[in-house]
2 protein chains.
Amino acid sequence: MKNGGIPNEMKLELQIKMNPSLYLRDPEQSELGKNIIKHSIQLIHDNGFEAFTFKKLAESIGTTEAGVYRYFENKHKLLIYIISWYWGWIQFQLNYQTNNIKDPIIKLKKVITLLSTNVEDDITTGHVDESQLHQILISEGSKAYLTNHVEKDNQQQFFKPYKDLCNAVGDIILECNPKYKYPHSLASTIIEMAHLQNFFMNHLPSLTDFSKSKSESEIIKYLEDLVFNAIRD
Amino acid sequence: MKNGGIPNEMKLELQIKMNPSLYLRDPEQSELGKNIIKHSIQLIHDNGFEAFTFKKLAESIGTTEAGVYRYFENKHKLLIYIISWYWGWIQFQLNYQTNNIKDPIIKLKKVITLLSTNVEDDITTGHVDESQLHQILISEGSKAYLTNHVEKDNQQQFFKPYKDLCNAVGDIILECNPKYKYPHSLASTIIEMAHLQNFFMNHLPSLTDFSKSKSESEIIKYLEDLVFNAIRD
DNA sequence: TTATTTATGATAGTAATACTATTATTTGAA
DNA sequence: TTCAAATAATAGTATTACTATCATAAATAA
């Protein structure tokens, strides 16, 4: 046995359900597949998506290019895969953390904090480093949809996890103020700005007002101020 | 003479000052150079930046790949060039349109409208189609800085026009409310969201609340609501 | 147990991309 | 008219993004 004698049904591993159209062979079902995910995250995090190639990935794993191509058609689908995984994981965290909270204001604050904070690596997901994934989302997240084939990808439901999250946040916004007119736009603004203000803070600080402390808590304060002023009656 | 006998000093052409580090040879100074800009905008608009190559560009102009490389080191610098040109042009429009306006609230509204509206082609800029450029900014704008060489590019002042605009908008925000704590972050939020909500509206409409009318005026209303609630005392 | 599917490894090959280099020809300014 | 600069034409390289083939190892079914 490969996992040191621990029966599969005893491992407490969090599984995120993925869209099968994203892959050719399910990477969760083999060691090679899990290595592809793990090393992709590492390489994209370290060198950016443009510099990432299946050849480098194969070398880093110790397999061949053809081996990677058996799992993913191309690097763009692999990017969408790991990004979808991230949004699924965030959705899980959101449900978990807001489970017993009644006050929608507190829920919305939780959302803002969750999206803006660089999490610790979640040990219940062996082959995924959530902290690196969060960094990838900041720098590469929008590249998933900023293509000339967005609509084709959207038809195949590639952005469902993102849209589900946006809807969930929109619902919380409506709980806070049922009359607010732009719950989805405000939700997508929160999600995108949590990442973009972080990118600006670290790389183009004059586009923000966080240059002194360079801390995530400043972004959270900005977003809370923005959001709660927008939705108050 | 190529321009039909009209002396150069009589042409009323708007010139945007560009950072010379962006090019090898100034494209404004020759017909070939102007063609490179014109056809680049056309091709990136039509097929997206990923599908854009110097070979296709050369073919579309009727020159060779080597000819294009004499003007621009690579396609990324060419993208930054046309994006910088756009921000320079927007800055000019902003100064022009808010020139005699005293009320900062009206100025800020002008900014939001300017950034959110797909302009008519400006005839004072012969080889540039501003309407296509606006579409390029929506789909490709963030790719200018979402790279692993942002900081190097930033050191070379490649993002100065964008930062200048952000500062100008930040100043208007402070005129509206000198106590507002996040003028730069709010400015970059306005600029980015004017484009991103437009992209979402057209390609991933469930991320917005504009799916019915799909009109820019809805985005303007959303942004005005967001901004003026954020900055009110 | 053997037979057989299935995943992987190893290797090769192609078309396109992102360049660099060389030489010849044209153009336009002094 | 001369001379320098810009352009055109052509060739060539390394890398990328794939596809195809065949052998072998591991899991599984008969």
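The values are calculated or read from the model by the stated rules, or taken from the named source; none is laboratory data. Since we're looking at a predicted model, the values are computed, not measured. Neighbour counts run over all protein chains shown; Cβ positions are idealised from the backbone, glycine included. Keep in mind that these areas ignore ligands, DNA and RNA; they rest on the heavy atoms of the full protein, side chains included. Shrake-Rupley method; radii C 1.70, N 1.55, O 1.52, S 1.80 Å.
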Going toward the positive end of the dipole of chain B, with +1 on Lys and Arg Cβ and -1 on Asp and Glu Cβ, which of B:22, B:220, B:101 do you reach last?
B:22
How long is the protein assembly as shown along each principal axis, judged by its Cα atoms, biggest number first, in Å?
87, 57, 43
In a Gaussian network model of chain B with springs linking alpha carbons closer than 10 Å, the residue among B:150, B:169, B:111 that fluctuates most is B:150
Which percent of the accessible area of region B:28-169 is formed by carbon and sulfur heavy atoms (probe 1.4 angstrom)?
48
Report, please, the projected area of chain A averaged over directions, based on the convex hull of its C-alpha atoms, in nm².
14.7
Which net charge results when you count Lys and Arg as +1 and Asp and Glu as -1 among the other residues whose beta-carbon is under 14 Å from that of residue A:161?
+1
Select from region B:126-145 all residues whose loss of accessible area on going from the chain by itself to the full protein assembly reaches 50 Å² or more (probe 1.4 Å).
B:145
Using the 7 Å Cα-to-Cβ label point, sort the distances from residue A:225 to its equivalents in the other copies shortest first and give them in nm to one decimal.
2.2
C-alpha center-to-center spacing [region B:47-75, region B:200-218] in angstrom
34
Compute, for region A:94-170, the length of the dipole vector about the Cα centre, with Cβ point charges of +1 (Lys, Arg) and -1 (Asp, Glu) only. Units Debye, rounded to 20.
420
Total accessible area buried between chains A and B, 1.4 Å probe, in Å² to the nearest 100?
4100
Quarter of Cα convex hull surface for region A:103-222, i.e. mean projection, nm²:
9.3
Taking Cα pairs closer than 8 Å and at least 6 residues apart, the relative contact order of chain A in percent is 21
What's the minimum Cβ distance from chain B to the axis relating it to A, in whole Å, and which residue gives it?
B:229, 2
With a 1.4 Å probe and every protein chain left in place, work out the accessible area per residue of the protein assembly as shown in Å², rounded to a whole number.
46
